[in-house]
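Rule-based calculations on the coordinates, nothing more; no lab input. For clarity, every value in this text was computed on a predicted model and none was experimentally measured. Because the Cβ atoms are built from the backbone with ideal geometry, glycine has one as well, and the counts that use them run over all protein chains shown.
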């Protein structure tokens, strides 16, 4: 891989296909620090969310390409970075903990102030939910699995009408925790990490076997939602060595990512129109993200690619997908509470 400005060149290791250029809004080298990624790509989006816009941030790529590292960072750093005594974020910590710090600092600074534009006295009510999509079932990560009995029929995707955008999806019976301090965020993330489905494959000793969606709802006189998503990686069975449950999980992961690809294709098709069908309901993932893909949200996709030559074909597929995502046009508006 070679990087120049907003261009990255991928060279076929066999020499048969030469070099293929790709262009994106921002390209980060493999040794880029998490702080730089956050400052350039994420922090401006979160500022807009605090102004009443919905936001969605997700990492996409093959398994073991760095998605969970980008979104979460090392697991042993999360508690340290979200402790009461923490004065600065560790350089390795991922996007989710950095979002928590940005929101927490904003609330402490602005609570009780009068907003100049609206004249409203600012107060904030923050709620957080955390779910995973595992084998096309919705699982509440804030409820211990033994207590919810793996009742995959308990959580239902519903539609609320009468919102700013006209409709709003939510998950019925999903736990929402009120956030009063940074300790509350830590408890949510710790509980969610403990309950999330992971497993070992040949490519990743701690492979995510599900898509995880952390949703932060911010109510002031405005309302906004932020989806922070750690997608499971696309997999090839011959590379992962998956068998049994791992193989079934991989098939379900690939199926939902294929549905995501179909949604992106529909949204970027030349024939797209107001009446053009977009297959959001083909998977739980795309249905839940329907407002973030072509709808009422500011959406950031971070594409993670492996520099290893044997992953050339997967990297090309990932970057081609990212090219299509870049063409999606959202229609974000400020949400009045």
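What the table below lists for this structure:
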read-out	value
Span per principal axis, largest first, for the Cα atoms of the stretch 77-139 (Å)	48, 32, 17
Distance histogram in 5 Å bins (all Cα pairs of the stretch 282-337, percent per bin)	4, 16, 18, 20, 17, 11, 8, 3, 2, 1, 0
Which of 38, 185, 221 has the fewest Cβ neighbours within 10 Å, and the rest in rising order	221, 38, 185
For 31, 144, 25, order by how many other beta-carbon atoms lie within 10 Å, fewest first	31, 25, 144
Order by protection proxy (mean Cβ within 10 Å, highest first), peptides 129-135, 259-265, 175-181	129-135, 259-265, 175-181
Percent of C-alpha pairs per 5 Å bin, the stretch 1-126, short to long	2, 8, 15, 17, 17, 13, 10, 7, 5, 3, 1, 1, 0
Mean Cα-pair separation over length for the stretch 267-337, i.e. relative contact order, pairs under 8 Å, 6 or more apart, %	40
Ranked 278, 40, criterion: other C-beta atoms within 10 Å, fewest first	40, 278
